[in-house]
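The values are calculated or read from the model by the stated rules, or taken from the named source; none is laboratory data. Remember, predicted model here, so these are calculated numbers, not experimental data. Quick reminder, even Gly has a Cβ in these numbers, built from the backbone with ideal geometry, and neighbours come from all protein chains shown. SASA here: full protein model, heavy atoms, side chains in, ligands and nucleic acids out. Shrake-Rupley method; radii C 1.70, N 1.55, O 1.52, S 1.80 Å.
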Amino acid sequence: MAVEDLPVDVEVMLMAFRLVVSGGDYGHTAADGRSGAYGYTDERWGGYAGYGRAVEAPPMVQDARARADLARYTSGADGLVTAVASSWFVDSVTGIDWWDQFALDRTFSRELFERTWTTVYTTLLTPEADNDSDNDVEVSPATVGTEPDAGPMVAAGPSLTVTDPAAGSRGDERARPPVVPAHGSGAMRSIAFPVLGPVDYAPGWNDCRDDCTRRHEGVDIVGVRMQPLVAAVDGTITAIGPRGSDIAGAGVTVTGDDGWRYNYFHINNDNPGSDDGVGDLVWQTPPGLRLGDRVRAGQIIGYMGDSGNSEHSVPHVHFEIRDPAGAPHDPYWSLQAAERRQACTIGIGPWSNPVHIGAPSENVASTTVRPLWGNGSWSIDSQGRVTATGDAALISPSRGLGCLDGPTVPHGTDAAGWTG
């Protein structure tokens, strides 16, 4: 698609600016004083919403300010997205000493920023375009800084790192392990989307619970009983099973090497086809998964359910992100970014193989589960093998995004990537 034909999608444009400016890090502070996910100088921020600096404002406030600026830029851009990027860049650097002193480099720097931003925006806007490629593209942030006596130095945009999609993609080019960019320093984390197949979720951070005697410290991702849950990051299983709480029920925790924790609560406690609350553990987490096991992003670590106080609700996973000190952080924007990166891809393959899985044995029980919406199904056995077809095999399947139909040949956790 030609640049002049790119449609204006405000939320995708904002995400592109976040990735290019800060890597999506709301806690980012640049050497030249710009801060927050969108790189506001203190002067440009102007005490918005009562916060002295952008980095001091919560993500939703930073987004609101950026959205207002974007509306202003868009109204004067005649629908040309590169003009929006140009306006954003000029406003971002106006007033910074190195920019004022080296005005001759202004055209080069602005054009480089436009090209960088347009590449990222196009990738986010049309995730299905990557289906024609054998490679995945990972975007890491550009930085704008200074060198002594050297004038403005603009990094060469986001580095486009090509990674081998690994074995298992023979049946469909969309089958590939998740690519998880490096984390920023703030609370927005780079993760793999934690659920396979169709789901529904919305912001719910800090909502009242039990007459506001407690607050909601995660995001509820709604699906169906026994829907596969996958590790958000490479890490270690640091908690598994009943959490000793009538609220959380059964759960799994993956702790990354940096100490950040990813909690999955309300996982399944029922036998297949029932809501009996006394399910065998093989229908809760893959058999053999235990404390201390190493897992990698995209690996199946459990199944969605309704344990804990979810018994009176609908099957869902309460997904939490906590920093090394144990403080919770809103996972919504991390989920949104992960969903954008992986939308329309096949999320099951050899990388999602549970640990300790052995050769098939006799008397293996199995169950078939259909998704919340869309087509296809999961086939799950009591030894932890999972295969999926149709929408059930995809991350964020959406006809609105132009996703192709999911695979008709079952993709699974075996070494070949599918069965049959």
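Read through the list (1) within 28 Å of LEU124 (Cα to Cα); (2) modelled with pLDDT of 90 or more; (3) surrounded by 19 or more Cβ atoms within 10 Å (Cβ to Cβ), then give the number of the only condition that ASN375 fails.
(3)
Taking only pairs six or more apart or across chains, which ones have beta-carbon atoms under 6 Å, a first residue in the range 37-63 that is touching a residue at least 40 places away in the same chain (Cβ under 8 Å) and closer than 20 Å to PRO331 by Cβ, and a second residue that is of a type in the set (D, E, K, R) and crowded, with 16+ Cβ neighbours inside 10 Å?
ALA37/ARG18
Kindly establish whether ALA66 is buried (at least 18 other Cβ atoms within 10 Å of the Cβ), in contact with a Leu (Cβ under 6 Å, 6 or more places away or on another chain) and small (Gly, Ala, Ser). If you could, list the steps in order and put the result at the bottom.
Values: buried (at least 18 other Cβ atoms within 10 Å of the Cβ): yes; in contact with a Leu (Cβ under 6 Å, 6 or more places away or on another chain): yes; small (Gly, Ala, Ser): yes.
So ALA66 passes the test.
Among ALA192, ALA167, ALA156, ALA182, which is surrounded by fewer than 19 Cβ atoms within 10 Å (Cβ to Cβ), at pLDDT 80 or above and part of a loop (DSSP other than H, G, I, E, B)? Give the steps one after another, and end with the answer.
On the way: ALA192 fails: surrounded by fewer than 19 Cβ atoms within 10 Å (Cβ to Cβ); ALA167 fails: at pLDDT 80 or above; ALA156 fails: at pLDDT 80 or above.
Of the residues listed, the single one that is surrounded by fewer than 19 Cβ atoms within 10 Å (Cβ to Cβ), at pLDDT 80 or above and part of a loop (DSSP other than H, G, I, E, B) is ALA182.
Please list, ordered by residue number, the helices (runs of 4 or more DSSP H) wholly in the range 71-133 having 2 or more residues that are at pLDDT 60 or above, of a type outside the set (S, T, N, Q) and under 29 Å from the mean Cα position of the chain (by Cα).
Result: 81-93, 106-125.
Yes or no: the range 265-280 includes at least one residue that is more than 23 Å from ARG370 (Cα to Cα) and either surrounded by 21 or more Cβ atoms within 10 Å (Cβ to Cβ) or of a type in the set (Phe, Trp, Tyr) (or both).
There is no residue in the range 265-280 that is more than 23 Å from ARG370 (Cα to Cα) and either surrounded by 21 or more Cβ atoms within 10 Å (Cβ to Cβ) or of a type in the set (Phe, Trp, Tyr) (or both).
When the range 358-372 is examined, which residues are found to be open to solvent by 50 Å² or more (accessible area, probe 1.4 Å) and modelled with pLDDT under 75?
Scanning the range 358-372 gives ALA359, PRO360, SER361, GLU362.
For the structure I just gave you, tell me whether ASP257 is loosely packed, with under 14 Cβ neighbours inside 10 Å, among the acidic types (Asp, Glu), modelled with pLDDT under 95 and touching a strand residue (DSSP E or B) at 6+ places or on another chain (Cβ under 8 Å).
yes
Among what's in the range 332-345 and is in a loop (DSSP other than H, G, I, E, B) and touching a Lys or Arg at 6+ places or on another chain (Cβ under 8 Å), pick the residue that is surrounded by the most Cβ atoms within 10 Å (Cβ to Cβ).
So the residue we want is THR345.
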